[in-house]
1. When you scan the stretch 6-24, how many residues do you find that are over 39 Å from the mean Cα position of the chain (by Cα) and surrounded by 11 or more Cβ atoms within 10 Å (Cβ to Cβ)?
2. Specify which of the listed residues (Val90, Val110) is surrounded by 10 or more Cβ atoms within 10 Å (Cβ to Cβ), of a type in the set (A, V, I, L, M) and not assigned by TED's automatic domain parsing to the domain that holds Asp8.
3. Could you list all residues from the stretch 163-196 that are away from ligand 1 (no atom under 14 Å from the Cβ) and open to solvent by less than 30 Å² (accessible area, probe 1.4 Å)?
Amino acid sequence: MRVVRWSDNKVISLIYTYGSAYPMKTCQRWDRSSTPAKKVTVDCPGIVQVYNTNMGGVDKMDSCLGLYRMFFRGKKWYLRIFFHIIDMAVINAWLLYRRDFAACANPNKVKCLSLYEFKSSVANSLRIQTNPLVRPPGRPATSLSTAEARRLHNMNRIDTRNTVLPQPEVVTDMVGHFPDVRKTRGICALKGCKGAVVFYCIKCKVHLCISNKRKLLCYISWGRFTFR
Ligand SMILES: [Zn+2]
Ligand SMILES: [Zn+2]
């Protein structure tokens with residue numbers, strides 16, 4: 001960490017971990033001692049010029065930080081710094097995501113995530129890795145008809161079509177998606193598959209076919225990010 005003090009129109013003090021005062025740069029200032037006042041070139045520390053060029057980024061970071069800050073009540077001061085750094089990291093990731101999104105071809109016209117959606121997506125991905133999936137309260141929008149529910153119940157099968165699906169990042173991370181065999185059959189989570197199977201991904205918490213008559217392995221296709 002370095003400290004620089006520079007006498008401009010007022011004394012300016014800078015503390016920084018990036019860059020250096022040297023090599024010195026030049027900048028333009030009004031010389032009011034001469035009449036009429038004229039612009040003169042004066043020396044300034046290199047870090048001042050770096051700051052002036054990039055100070056817009058600091059303002060942008062501050063405004064983004066104020067939008068969806070992680071609030072918590074705690075007396076430990078260092079936790080505030082920790083969560084502030086997490087917030088900064090998420091915003092930096094979102095800015096990189098937006099830059100890459102604009103640079104990539106988008107044939108399916110996918111919508112770019114807002115900061116709120118991006119942050120929620122990151123939080124959900126991290127939450128799902130350890131905790132069981134929670135079904136949202138209230139009646140699901142696509143609930144089954146009573147007749148179909150009864151039919152499934154008679155067949156000793158449960159319907160999994162209304163469970164909350166994991167984030168795409170979790171589905172495709174290729175880590176820890178081990179199959180389990182359940183006592184009750186559930187409808188395969190893969191889009192277009194109506195198989196009712198006992199096989200179950202312990203990480204995604206969804207039923208998936210491991211083998212069926214068409215020799216289609218939904219378990220493998222699932223990791224290729226195909227949702228029902
Ligand atoms: Zn899985
Ligand atoms: Zn299937």
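The values are calculated or read from the model by the stated rules, or taken from the named source; none is laboratory data. Only a predicted model underlies this, so the values are computations on that prediction, with no experimental measurement involved. Positions of Cβ are generated from backbone atoms using ideal geometry, with glycine treated the same way; all protein chains shown enter the neighbour counts. Keep in mind that these areas ignore ligands, DNA and RNA; they rest on the heavy atoms of the full protein, side chains included. Shrake-Rupley method; radii C 1.70, N 1.55, O 1.52, S 1.80 Å.
1. Applying the first criterion (over 39 Å from the mean Cα position of the chain (by Cα)) to the stretch 6-24 yields 6-11, 24.
Going one step further and asking which of them are surrounded by 11 or more Cβ atoms within 10 Å (Cβ to Cβ), we end up with 6, 8, 24.
Residues meeting the conditions: 3.
2. On the way: Val110 fails: surrounded by 10 or more Cβ atoms within 10 Å (Cβ to Cβ).
Selected residue: Val90, the only one of Val90, Val110 that is surrounded by 10 or more Cβ atoms within 10 Å (Cβ to Cβ), of a type in the set (A, V, I, L, M) and not assigned by TED's automatic domain parsing to the domain that holds Asp8.
3. Ile187, Cys193, Gly195, Ala196
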